[in-house]
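The values are calculated or read from the model by the stated rules, or taken from the named source; none is laboratory data. A quick note: this is a predicted structure, and the numbers were derived from the prediction, not measured. In this analysis, Cβ positions are derived from the backbone assuming ideal geometry, glycine residues included, and neighbour counts consider all displayed protein chains.
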Amino acid sequence: AGGRPVPSRVDSWNKRAGAGPAAGAAAGGAAGAGGGAQGAAKGAGVKKSEYMGPDGDLVANLERDVLDRSPGIRWTDIAGLKEAKRVLEEATVLPMIMPEFFTGIRRPVKGVMLFGPPGTGKTMLAKAVATECGCTFFNVSSATLASKYRGESERMVRCLFEMARCYSPSIIFIDEIDSLCTQRGAEGEHEASRRVKSELLVQIDGCHSSEGGERQHVVVLAATNFPWDIDEALRRRLEKRIYIPLPQREEQLELLHINLKGIDIEPNVNFDVVAGKLGGYSGDDITNICRDAAMNGMRRKIAGKTPAEIREMSKDDMKEPITMEDFIQAINKINPSVAQKDVTRHEEWLKVYGSI
Ligand code: ADP
């Protein structure tokens, strides 16, 4: 264990890991990880105390960086994406809340990939899954993993899955998974990144082993804007591949309503007309447009005033309903962040590898 000081939070985690059903799940998961997982099985299951000791610092860092106990997003906060919500519910939420029905041919999928252009709600969906099934949410960005945990990413991946089993039921959400598991560098690929990838595959396999009667309630959700970059072995494990497209008319309207909840709007604003101008914009773009339109009123109110005069203004003085013109100005100012050729590429990938 190297005699390193171990923070108290880690102690309590170690206690959880060493006692009760969660510990069984942790050991069972690693032990069931199949041929390539033997090393992991020994490290995690048999030599638990040695394994936990040196990783005490890492557990504390992971708790701080990736553990999100209450992401707080609900299905209703997300505009549209009905089919994606249905598939996610069937693949992740239901197996967690009624595991007895999801056995044999109905076994839960090992992992789910959300793919599509940036800013379309992939992260929100993952958070909503965690909220809806009341499980622990580990939010891992591959970029953080690559930079912050450089040199110990492999250990970090192992430790992350151990923690997830301990806190089971859990969702491990890996954002930008392409940057971790790209197949581009197949030849010149760094040895370290190859090791991280194979550790990830071993751990995903381990999550769903039910050997010894222990069911693992850890689901891997991965998001990417570049699904075509994902290595084949990982793609096979992310059995459900759900396309999260740009919002269409119904979703555009819903996004306007979600974003402008509680904001004063001029009665003559026609949302159908506003939504009609939002083709090609992502959900994130539409949020930015709403923010900008909402700011326009305030900008009008303070135009020409000195800082001292502005300071004198009350909240009511600042009140100015959003007008149609505010929306038009915001839309003219903000360009769509996604290129049509990227959308086409996603749609083509969907035809070959997608689930919906
Ligand atoms: P992604 O993970 O696909 O890049 P996010 O889930 O992080 O996108 O969404 C970014 C922001 O865009 C959210 O914080 C939200 O404001 C807005 N947004 C995108 N899609 C939706 C949606 N379907 N419903 C509500 N808000 C959305």
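Couple of notes before you dig in:
- Within region 94-122, the set of residues being farther than 19 Å from GLU83 by Cα and basic (Lys, Arg) comprises ARG106, ARG107, LYS110.
- Of the residues making up region 304-356, those that are over 30 Å from PHE226 (Cα atoms), part of a loop (DSSP other than H, G, I, E, B) and polar (S, T, N, Q) are THR306, SER314, THR323.
- Count - residues of region 235-264 that are among the hydrophobic types (A, V, I, L, M, F, W, C), in contact with a helix residue (DSSP H, G or I) (Cβ under 6 Å, 6 or more places away or on another chain) and either in a strand (DSSP E or B) or more than 19 Å from GLU176 (Cβ to Cβ) (or both): 6
- Among residues that are within 29 Å of the chain's Cα centre (by Cα) and among the hydroxyl-bearing types (Ser, Thr, Tyr), SER282 is included.
- Considering region 58-135, the qualifying helices (runs of 4 or more DSSP H), each wholly inside and each with 1 or more residues that are in contact with a Cys (Cβ under 9 Å, 6 or more places away or on another chain) and more than 16 Å from the ligand (Cβ to nearest atom), run over 94-97.
- When region 103-143 is filtered for residues that are buried (at least 19 other Cβ atoms within 10 Å of the Cβ) and modelled with pLDDT under 80, only SER142 remains.
- Counted residues, region 267-284 - those being in contact (Cβ under 8 Å) with a residue 40 or more places away in the chain and of a type outside the set (Lys, Arg): 11
- Residue list for region 265-296, restricted to those being assigned to a loop (DSSP other than H, G, I, E, B), of a type in the set (S, T, N, Q) and buried (at least 18 other Cβ atoms within 10 Å of the Cβ): SER282
- Residue within region 144-163 that is surrounded by 22 or more Cβ atoms within 10 Å (Cβ to Cβ), acidic (Asp, Glu) and modelled with pLDDT of 80 or more present: yes
- With respect to (1) more than 15 Å from the ligand (Cβ to nearest atom); (2) at pLDDT 85 or above; (3) more than 20 Å from TRP349 (Cα to Cα); (4) aromatic (Phe, Trp, Tyr), the lone exception for TRP228 is condition (3).
- Residues located in region 251-266, provided they are charged (D, E, K, R), free of Cβ contacts under 8 Å to residues at least 60 places away in the same chain and within 12 Å of the ligand (Cβ to nearest atom): LYS261
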